[in-house]
Structure formats: C-alpha cells, structure tokens
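Rule-based calculations on the coordinates, nothing more; no lab input. Since we're looking at a predicted model, the values are computed, not measured. Using ideal geometry, Cβ is built from the backbone for each residue, glycine included, and neighbour counts are taken over all protein chains shown.
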Amino acid sequence: MTVVHPIPAAWITTGGTGAQNYDEFADETEITRIIEAQPGSALAIEMPHYAPASLGKTFAEALPDAVARLEGAKRDGLYRPEHDVVVLYRITRGESVSYGLWCMVDTDQISTSADEPGIVLRNEDVFPEKVRERVALAEALGHLLSPVLLLQTGRGDELHNALAKACAEAGAPDATDLDAAGGTHQIWVKKDAPELIELAGGGELVVADGNHRSLAAQTGGLPRFLAVVTTPASVEIKPYNRLVRGITPELPWAAEGAHVRVYTREGGERTITLPRDPALGFVDNLDHALVERELLGRALGLEPGDKRITYVGGDYPESWLRREVDEGRADLAILIDPVTVPDFIEVNLARQKMPRKSTWFTPKARAGLVVAESVAEIEESQAGWHRPDPPSGTSP
C-alpha cells in the first residue's frame with residue numbers, strides 16, 4: 001500500500017499567488033518588497049508579520065491576518081477548489097527541465113534513524129523555533145501552502161520518465177508561474193493517476209527541502225503533509241553559505257583539515273583550515289559541520305540558532321555575500337563548497353542527519369501554487385477523530 005495519496009481538498013492557483021518558500025530569504029526585507037509588488041503572493045500568508053499591513057506585529061500576533069488573507073484570496077478567485085487530485089509539476093530553466101508530483105504523504109512514514117520505521121527519510125537537524133511557527137500557522141489556517149520536496153530514490157528514473165510523458169500529453173497547463181530567476185513553473189491537475197502515485201511511493205523518499213515542515217507535520221499531529229515528489233535527475237545541490245554580524249572575527253587556523261573560504265572587510269578573502277576529528281564520524285567531519293562546530297562555535301562562541309548568523313542559500317551569489325560585508329550589514333562571509341550528491345546519498349543510506357542548512361537543492365517547489373486543506377481538518381470535522389500525540393522531544 002502506497003504512502004502517497006491524492007489531495008482530498010485542494011485549492012489550485014488561478015495566478016498571482018506563487019512565491020519562494022518562506023525560508024529561502026537571506027534578507028527578510030525582501031519578503032515585504034515582494035508582497036508590496038504582488039499582494040496575492042503566498043508569502044503574505046506564510047510570513048504574515050512581514051506583510052506591509054502587519055509590520056510591527058510578531059508572527060503570533062499576525063496569524064489572524066494570515067487567516068484573513070487566505071480567506072480573501074479564495075473569495076477573490078485567486079484559487080479554485082479541486083477534490084481528490086494529484087498535480088503534475090514541470091519547472092523549466094533554460095535547457096534544464098525538472099518534474100514533480102504534488103500529493104499528500106503519510107506523516108507516520110517519517111524516519112530519522114535506522115531503528116525508526118518508515119520510508120520518508122528526514123536527514124537534517126532543524127531549529128525548534130521555526131518548527132513551532134510552522135505548527136502554529138498550520139493550526140491557524142487549517143491549510144498547507146508550502147510542500148515538502150521529496151526525492152524518490154527507488155524508482156526515480158521511472159517516475160521521471162512517466163512525469164515527462166504525462167506533462168507532454170496533458171495539453172495546456174492549468175496555471176503557469178514565473179520565478180525571479182527566470183524559471184517557468186507549470187501545473188496540471190489530474191484526477192486519476194494510480195500509476196504515478198505508485199511510482200511516487202515506490203521507494204525511499206528523502207527530504208531534499210522542508211525538514212522543518214515535515215517535523216511540523218509530526219509535531220502538529222497531521223496524518224499527512226503536502227509534498228512534491230521529484231526525481232534525482234530533476235535536482236542539483238548548490239552552496240549553502242553563512243553571513244555573521246556583530247562579531248570581531250578572530251579566525252582559527254589548523255595545519256590539516258577542511259578548507260573554507262572567508263571574507264572580511266579588513267582582510268578580503270582568504271582560506272582557513274578547520275581541523276577534522278578522526279574520532280568523529282563522516283557527518284561530523286563534513287565542511288558544514290566543521291564550520292558550525294569549529295568556526296562558529298569554538299572560535300566565535302555562537303550557537304547555531306544565534307540571530308547574528310544568516311544562512312544564505314545558493315540562489316544568492318558570492319558577490320552578494322561580499323557586498324553585504326563591504327557595506328557593513330555583516331562582518332564575516334563564510335563560503336562553503338556544496339555538499340556533493342554522493343555524500344548526501346551516503347549520509348541518507350546510513351540513516352544519519354546532515355548538518356543544519358547544508359543542502360540547497362534547486363529548483364525548489366513554489367509555495368502557493370497548490371494549497372491543501374489539512375487532512376487533520378478534514379478528519380477532525382468527522383466524528384471520532386482525535387489528534388495523535390506528537391513524536392517525543394518535539395513539543396511545540
């Protein structure tokens with residue numbers, strides 16, 4: 001029996017709602033500017049405290065605004081309802097074409113270790129505060145706007161070919177959306193797709209993007225979460241760098257270890273070496289783990305969740321990070337080589353977790369193209385359903 005299911009109550013964009021996911025921004029003022037230019041953007045719902053009309057409120061204080069915006073978007077015809085559907089997804093960037101399938105996935109299949117059953121593998125540490133926000137948003141809205149991006153590792157090639165064929169034969173898309181990088185996102189609603197559902201759930205599903213969202217589904221007691229199941233041939237991994245502000249950099253140096261480039265106003269760009277610890281395992285000696293432990297932790301005395309650290313994904317070029325330092329908005333840029341796909345696969349096969357913010361998969365699924373009413377909301381409206389206890393150690 002598959003872990004992938006149709007979306008029982010979906011809302012499909014009619015245009016103007018697509019957006020980057022809430023966690024893809026290095027500069028949060030960008031969120032406000034995007035919402036100003038595109039009032040229907042899903043960002044106004046996902047990050048309500050950054051919408052122009054809600055500035056000055058905390059995230060929790062702005063949740064009623066998020067609810068009102070989603071209700072208004074439906075009322076104004078920015079979404080249309082569909083029932084029991086999956087949605088074909090094609091992203092085109094130049095010569096590159098990626099495919100995916102919007103669907104619902106069983107939350108109880110999430111596994112974070114070898115002794116935990118399930119075929120949905122979450123592989124990265126998370127920040128509890130972000131999880132709490134996602135839980136609160138899902139509970140307030142009763143809807144899910146950002147999908148978890150899952151890599152189908154067992155039947156990826158078959159799924160890729162099947163999705164390519166289905167999109168080519170589907171005719172005109174139900175909606176088209178353009179991203180800031182020039183990518184074209186197209187979706188097709190499909191009511192009967194048992195073969196695609198079987199292929200999408202036909203092997204282990206690795207969380208490529210959405211570790212916080214998947215844990216929020218567990219913590220919030222959602223039976224299923226919104227996902228886009230994609231294929232290894234559809235994605236690549238870009239660098240995931242760091243900016244640090246409010247510190248005076250005193251950088252470590254070791255004779256042997258991992259080479260990391262750093263940039264400061266005073267010293268420009270140079271390479272430092274962070275010592276590997278042979279007593280630790282493979283994951284703890286990856287470059288991103290060494291940056292967190294040796295550079296941010298031991299050298300600068302910063303915890304991973306310190307607000308002085310900004311995690312900058314691969315959509316921002318190195319020139320942008322250097323400019324942030326040169327113009328005084330940061331004191332240190334840490335430039336880290338991207339994790340390789342073989343390393344990512346090795347960690348997942350060992351059922352270990354990647355270091356925080358170490359894999360920036362592209363292209364990413366757009367938020368707000370397909371919105372799913374929470375299965376918890378649907379089932380809770382029926383007699384006899386009770387919210388399960390959240391997994392241990394993840395209370396919101």
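Taken over the chain, the percentage of Cα pairs per 10 Å bin, counting from 0 up to the bin with the maximum distance, is 5, 23, 32, 26, 12, 2, 0.
Here K307 is the anchor, and the lysines within straight C-alpha reach of less than 26 Å, apart from those fewer than 8 places off in the same chain, are K57, K130, K238, K353, K357, K364. Taken about its Cα centre, the chain carries a charge dipole of roughly 460 debye when the Cβ of each Lys and Arg holds +1 and the Cβ of each Asp and Glu holds -1. Each of S96, S146, S319 was scored by other Cβ atoms within 10 Å of its Cβ. Arranged with the fewest first, they read S319, S96, S146. Each Lys and Arg adds +1 at its Cβ and each Asp and Glu adds -1 at its Cβ; summed about the Cα centre, the range 238-349 shows a dipole of about 300 debye. By other beta-carbon atoms within 10 Å, ranking K357, K130 with the fewest at the front produces K130, K357. In this simple spin-label model, placing a label point 7 Å from the Cα along the Cα-to-Cβ direction at both A172 and E195 gives a separation of 2.6 nm.
When F361, F127 are arranged by Cβ crowding within 10 Å, least crowded first, meaning fewest neighbours, the order is F127, F361. Where the alpha-carbon atoms of the range 171-281 are placed on the principal axes, they occupy 60, 38, 30 Å, in descending order. Summary of packing: across the peptides 330-338, 212-220, the per-residue average of other C-beta atoms within 10 Å ranks them, highest first, as 212-220, 330-338. For a paramagnetic label modelled on K238 (point 7 Å from Cα along Cα→Cβ), amide N atoms under 19 Å away belong, within the range 149-171, to 149-151.
To the nearest ten degrees, helix 128-141 and the longest principal axis of the Cα atoms of the chain are 20 degrees apart.
Applying 1/(1 + (r/R0)^6) with r as the Cβ-Cβ distance of N161 and R308 and R0 = 45 angstrom yields a FRET efficiency of 0.45.
The residue list V339, F361, V244 was ranked by how far each Cα lies along the charge dipole of the chain toward its positive end, using unit charges on Cβ atoms, and V244 comes out on top. For the chain, DSSP calls about 90 percent of its internal beta bridges antiparallel.
Stokes-Einstein, applied to the Kirkwood radius of the range 1-95 over Cα pairs at a viscosity of 0.890 mPa s and 25 °C, places its translational diffusion at 165 µm² s⁻¹.
According to the calculation over all Cα-Cα pairs in the range 238-349, the P(r) per 5 Å bin from zero is 2, 12, 22, 25, 21, 11, 5, 2, 0 %.
On the principal axes of its alpha carbon atoms, the range 42-163 extends 47, 37, 32 Å, with the longest extent given first.
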